[in-house]
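Single-structure report; data block below.
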Amino acid sequence: MELKRVVVTGLGALTPIGNNLSEYWDGLINGKSGAAPITRYDASSFKTLFACELKGFDAADHFDRKEARKLDPFSQYAMVAATEAMADSGLMESEPNQDRIGVIWGSGIGGLQTFQDEAKAFFQGDGTPRINPFFIPKMIADIAAGHISIKYGLRGPNYVTVSACASSTNAIIDAFNYIRLGKSDAIVTGGSEACVNEMGMGGFNALKALSTRNDSPETASRPFDLDRDGFVLGEGAGALILEEYEHAKRRGAKIYAEVIGGGMSGDAYHMTAPHPEGLGAKNTMLAALEDAEIDPSQVDYVNVHGTSTPLGDIAEVKAIKAVFGDHAYDLNISSTKSMTGHLLGAAGAIEAIASIMAVQNDIVPPTINHFTDDPELDNKLNFTFNEAQKRQVNIALSNTFGFGGHNTTVIVKKFEA
């Protein structure tokens, strides 16, 4: 069976450094930090007082009041990003076969805000179960995909992948496979997350996963820096329209890049810590390279998981050196989480978009907030510290890893007809 080619024909982004694709990309290449003191709630009693919140986002700009009340923030974010990507692609203007277009979305946690609000109302009440009838439909992680499909009448594959922070990369890989196997003409894919609330921040604080650099939020996310002390929680969504090449060609669609491979692996090591030698990270990159049928030496840029945690950054660097050998020193490596923070289940989507834009524009976004080299890391590697770098980027690889030892990699290539 001959596999179909899969291309990217639409993109949408709602991030802490920009509320659409153009703003997001501009923020990336200009090294903009999305971290700032929390405005969503009173954080004064928490260990971490800051996060990468969305800026200037108002649900009322996108939904009427009745509709907004039925959507948890993670679904609102999904709808906004997917709407931008669909408009960008022009897919619905060509009167496509909607039975062959699906939605495969990713979210690690789903409607945490809804769960928190309903639980708080119940336990602060008189014990009588006055539960909002929309509680379950707003909370469940799969509902974002459902809302997107309903809006556009998309009757193809429809579900959500849940693999913690790897969720949206898993979704992208599944979408890629459905299309190249000839089972779908196009898929709306990506991910969303909305956990900047008391339970989200408190939970990650309890794990000691978050930075507590409260005196300098904008420099708190510092992947590969000696003084990194944890990740910065972010929120938002990223959406991609993946499409079978001949289908896109027939309708004259613009094409950002081609998706050529995906890999997945498990650490089988620890609930939250990575394998210390980066074994799972190495295996997922090798699987993706094999799937793409390319040699490691063909890769130009790696958008790393790079969360700014002491153990995670070291393990990923070890994996990169094991996979790429001497070519590792010719790569550009960067962690865009230094700017956006960690969007959990949406991280893979916005980082795949960053990789696609790097390929299209031949610019590698930086790893900001680097101040001091870590002697445990190989600082001869090009981490693209502090400033974007122009270079030919024909192939980019994006890594996303999640609690539970879930590892995912997607590879994109400059499009050639």
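The values are calculated or read from the model by the stated rules, or taken from the named source; none is laboratory data. No experiment lies behind these values; they were computed from the predicted model shown. Reconstructed Cβ throughout: ideal geometry from the backbone, glycine too, with neighbour counts over all protein chains shown. These accessible areas exclude ligands, DNA and RNA; they are computed on the full protein's heavy atoms, side chains included. Shrake-Rupley method; radii C 1.70, N 1.55, O 1.52, S 1.80 Å.
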Where a residue in segment 216-231 is within 14 Å of Thr367 (Cβ to Cβ) and its partner, wherever it lies, is of a type in the set (Ser, Thr, Tyr) and in a helix (DSSP H, G or I), with Cβ under 7 Å and at least six apart: Ser221/Ser338; Arg222/Ser338; Pro223/Ser338
Could you list all residues from segment 180-192 that are farther than 11 Å from Trp105 by Cα and in contact with a helix residue (DSSP H, G or I) (Cβ under 7 Å, 6 or more places away or on another chain)? Ser184, Asp185, Ala186
Filtered residues of segment 1-58 (kept if crowded, with 20+ Cβ neighbours inside 10 Å and polar (S, T, N, Q)): Thr9, Thr15, Asn19, Ser33, Thr48
Taking Ile101, is it among the hydrophobic types (A, V, I, L, M, F, W, C), in contact with a Lys or Arg (Cβ under 7 Å, 6 or more places away or on another chain), modelled with pLDDT of 95 or more and buried (at least 16 other Cβ atoms within 10 Å of the Cβ)? no
May I ask you to verify whether Lys337 is surrounded by 24 or more Cβ atoms within 10 Å (Cβ to Cβ), of a type in the set (D, E, K, R) and within 26 Å of Ser167 (Cα to Cα)? yes
Members of segment 381-398 found to be assigned to a loop (DSSP other than H, G, I, E, B) and either in contact with a Cys (Cβ under 8 Å, 6 or more places away or on another chain) or among the aromatic types (Phe, Trp, Tyr) (or both), listed by number: Phe383
For segment 110-118, indicate whether the set of residues that are under 19 Å from Gly238 (Cβ atoms), in a loop (DSSP other than H, G, I, E, B) and either of a type in the set (Phe, Trp, Tyr) or at pLDDT 95 or above (or both) is non-empty. yes
If you go through Thr309, Thr272, Thr212, Thr284, the only one that is open to solvent by 60 Å² or more (accessible area, probe 1.4 Å) and of a type in the set (Ser, Thr, Tyr) is Thr212
Residues of segment 118-148 classified as under 17 Å from Met79 (Cα atoms) and of a type outside the set (A, V, I, L, M, F, W, C), total: 5
Report, by residue number, each residue of segment 148-173 that is assigned to a helix (DSSP H, G or I) and surrounded by 20 or more Cβ atoms within 10 Å (Cβ to Cβ). Ile148, Ser149, Ser167, Ser168, Thr169, Asn170, Ala171, Ile172, Ile173
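Every residue, every condition in (1) hydrophobic (A, V, I, L, M, F, W, C); (2) at positive phi; (3) touching a helix residue (DSSP H, G or I) at 6+ places or on another chain (Cβ under 6 Å); (4) without any contact (Cβ under 8 Å) to a residue 24 or more places away in the chain, yes or no:
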position	(1), (2), (3), (4)
Ser94	no, no, no, no
Gln98	no, no, no, no
Glu118	no, no, yes, yes
Phe123	yes, no, no, yes
Thr128	no, no, no, yes
Phe135	yes, no, yes, yes
Ser149	no, no, no, no
Arg155	no, no, yes, no
Val160	yes, no, yes, no
Condition check for Phe135: open to solvent by 70 Å² or more (accessible area, probe 1.4 Å) and farther than 24 Å from Gly156 by Cβ: no
From the options Glu316, Glu416, Glu351, residue that is open to solvent by 50 Å² or more (accessible area, probe 1.4 Å) and either part of a strand (DSSP E or B) or not basic (Lys, Arg) (or both): Glu416
